[in-house]
Each structure stands twice: as C-alpha cells, then as structure tokens.
1. Taking Arg80 as meeting all but one of (1) touching a residue at least 24 places away in the same chain (Cβ under 8 Å); (2) closer than 17 Å to Thr36 by Cβ, write down the number of the exception.
2. Looking at Arg52, Arg73, can you tell me which residue is touching a helix residue (DSSP H, G or I) at 6+ places or on another chain (Cβ under 9 Å) and among the basic types (Lys, Arg)?
3. Kindly check whether there is at least one residue in the stretch 1-9 that is closer than 23 Å to Ala117 by Cα, of a type in the set (Gly, Ala, Ser) and surrounded by fewer than 16 Cβ atoms within 10 Å (Cβ to Cβ).
4. Of all residues in the stretch 29-86, count the ones that are open to solvent by 70 Å² or more (accessible area, probe 1.4 Å) and within 17 Å of Asp99 (Cα to Cα).
5. Within the stretch 93-123, take every residue that is surrounded by fewer than 14 Cβ atoms within 10 Å (Cβ to Cβ) and of a type in the set (A, V, I, L, M) and give me the one that is nearest to Ile13 (Cα to Cα).
6. With the requirement that a residue be of a type in the set (Lys, Arg) and not in a strand (DSSP E or B), what does the stretch 1-30 give you?
7. Any chance the stretch 94-105 includes a residue that's out of contact with any Asp or Glu (no Cβ under 6 Å at 6 or more places or on another chain) and in a helix (DSSP H, G or I)?
Amino acid sequence: MAEVTIAGNSVDIDFDAWERLWTRRARVTVPLAAITRATCVDVPLRAARGSRRGLAVSGFAKIGVWGLVRGPRLLVSARRGRPGLHLTLDRAISGDEFDGIVLSHPDATRLAERIRAAAGART
C-alpha cells in the first residue's frame with residue numbers, strides 16, 4: 001500500500017515494491033498548489049476507467065495508469081474493500097502527466113481532510 005505524507009508544500013506518495021512494478025515509479029510528489037480537489041471515495045476501483053497500462057484484476061485491484069486514450073489520466077493503486085483517496089490535479093501546475101491520483105488507504109477520509117486543510121479552502 002502506498003504511503004502518503006504531507007510535507008511542506010507538497011504531498012509525497014511512496015509506492016511499495018509491487019505498486020512500483022505497475023506504476024513504473026517509486027514516488028510521486030504533488031505540489032499542494034496543483035491539487036484542485038481532495039476527496040474520499042468508498043469504491044476507488046470504480047474511478048479508474050478506459051484504456052490502461054498496468055494491472056487489473058477484475059473486482060479486486062487496479063494498479064497503474066488509466067485513461068491513456070480518452071478521459072482523465074489517472075495514476076491508480078486501488079484495492080477492493082478499502083476506501084480511497086482521490087486527488088484531482090491541475091497538470092499545468094503539477095508538471096506531470098496525470099489529471100488525478102486514486103489510492104486505496106485505510107485512513108482516506110482523514111488524509112483528504114488534512115490535504116484540504118494544507119492546500120487551503122480552495123480544494
């Protein structure tokens with residue numbers, strides 16, 4: 001499971017070894033200014049749709065990049081039975097290729113609240 005840390009003016013996401021294989025990255029750092037919305041989703045597997053590069057085990061897990069051809073491009077590490085943190089990003093500010101990030105996390109509600117508080121009232 002990815003570790004999420006709010007440090008200074010950014011959110012750092014460190015992927016475990018299994019996630020690194022499918023996301024093709026060990027860490028993602030997102031500036032707080034690039035986060036336009038931070039929410040908790042009950043079923044994060046539903047957020048990832050469309051063409052993908054990564055792992056999809058129907059109804060159990062999605063790890064990788066979704067929305068390669070159309071739709072929002074999402075970096076995803078979601079598993080069944082765990083709530084998810086959904087970050088909507090402004091690509092121009094983040095400087096990365098993603099419109100959003102979806103992560104399963106047991107404390108997704110608290111993380112979303114902390115990120116909204118750190119980013120200010122605009123999220």
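The values are calculated or read from the model by the stated rules, or taken from the named source; none is laboratory data. This is a predicted model, so every value here is computed, not measured. Cβ coordinates were reconstructed from backbone atoms using ideal geometry, including for glycine residues, and neighbour counts include every protein chain displayed. Quick note on the areas: whole protein, heavy atoms, side chains included, nothing else; ligands and nucleic acids left out. Shrake-Rupley method; radii C 1.70, N 1.55, O 1.52, S 1.80 Å.
1. (2)
2. Details: Arg52 fails: touching a helix residue (DSSP H, G or I) at 6+ places or on another chain (Cβ under 9 Å).
On inspection, the qualifying residue turns out to be Arg73.
3. Looking only at the stretch 1-9, we keep the residues that are closer than 23 Å to Ala117 by Cα, and these are 2-9.
Checking which are of a type in the set (Gly, Ala, Ser) leaves us with 2, 7-8.
Next cut, surrounded by fewer than 16 Cβ atoms within 10 Å (Cβ to Cβ) only: 7-8.
Yes, some residue in the stretch 1-9 is closer than 23 Å to Ala117 by Cα, of a type in the set (Gly, Ala, Ser) and surrounded by fewer than 16 Cβ atoms within 10 Å (Cβ to Cβ).
4. So the answer is 8.
5. So, considering only residues that are surrounded by fewer than 14 Cβ atoms within 10 Å (Cβ to Cβ) and of a type in the set (A, V, I, L, M), the one nearest to Ile13 (Cα to Cα) is Ala117.
6. Here is the first cut: in the stretch 1-30, the ones of a type in the set (Lys, Arg) are 20, 24-25, 27.
Arg20, Arg24, Arg25, listed by residue number.
7. Start the filter on the stretch 94-105 by keeping residues that are out of contact with any Asp or Glu (no Cβ under 6 Å at 6 or more places or on another chain), which leaves 94-105.
With in a helix (DSSP H, G or I) added as a condition, the list becomes 94.
Yes, because at least one residue in the stretch 94-105 is out of contact with any Asp or Glu (no Cβ under 6 Å at 6 or more places or on another chain) and in a helix (DSSP H, G or I).
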